[in-house]
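Derivation of every value follows stated rules applied to the coordinates shown; laboratory data play no part. If you're wondering where the values come from, they're calculated on a predicted model, not measured in any experiment. Here the Cβ positions follow ideal geometry from the backbone for every residue, glycine too, while neighbour counts run over all protein chains shown.
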Amino acid sequence: MEKQEIRTFGRRHGKKLSLRQSALIDNLLPTLRPTHGDILEIGFGAGEHVRDLARTNPGKIIVGAEPFMNGVASLLSAITDEKTNCVLDEYAGIRIWPDDVRDFLRATDSKFEQIWVLHPDPWPKARHEKRRLLSADFLNTLSKYLADNGEIIIGTDHWEYFDWILEQIKSTTLSATIPDMEIIQTRYQHKNKAGTDSPKYLILHN
């Protein structure tokens, strides 16, 4: 029997969407479905960092993967003109995968310059540890989708999860550095549910 993949996310839907958001999901989202990309962000939340990536990497295809539909709706609202619902020029490179990123990876032959995973759910309870996204198996999977000199960039404000990821890396083919870096603030970072001073980051290379 084939091993069933562990779901690493919770609810698909939260509060009710606005009429505009529902229209964007029905009409625009299908046109932004990715087949390939240059930069990938996994679990983009409300999409602040995806938008920053698009602005700072013009001409690149930025793929954002997020199964939580309210986050997808927030990103769609932010990248479109309020009157026309057309994508703004500065966000023309954004593509959205509104589901489990593993399904996208199985369907693409892309090699990414960067793969970002910012503030993944730490699943802090011991009985939920198996749901953590950044296991050795998943990191090894991501390593297959890196371009030459590509990098996986991880950020978390949950320091026990950070240490757990470091242990997982030991069972992969990846090497890790711990950079001193700052990126655009997201609403999830502002929540800082872990109560730590600041996020910690890892950059992984093949």
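Given just the C-alpha atoms of region 44-102, how large is their convex hull per residue in cubic angstrom? Spell out each step's value before the answer.
On the way: hull volume 4.1 nm³, N = 59.
Each residue corresponds to 69 Å³ of Cα convex hull volume.
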Of the listed pairs 60/111; 16/200; 16/130; 170/200, which have alpha-carbon separations greater than 23 Å here? 16/200; 16/130
Taking the beta-carbon count within 10 Å as an exposure proxy, list 41, 160, 113, 82 from fewest neighbours to most. 82, 160, 113, 41
To make sure I understand, if each residue's beta carbon is the centre and we count other beta carbons within 10 Å, what order do 69, 181 fall in, fewest to most? 181, 69
Two pseudo-spin positions, 7 Å from Cα along C-beta at residue 28 and at residue 136, lie apart in nanometres by 4.3 nm
log10 of Debye I(q)/I(0), alpha-carbon scatterers only, for region 81-173 at 0.17, 0.19, 0.25 Å⁻¹: -0.87, -1.01, -1.41
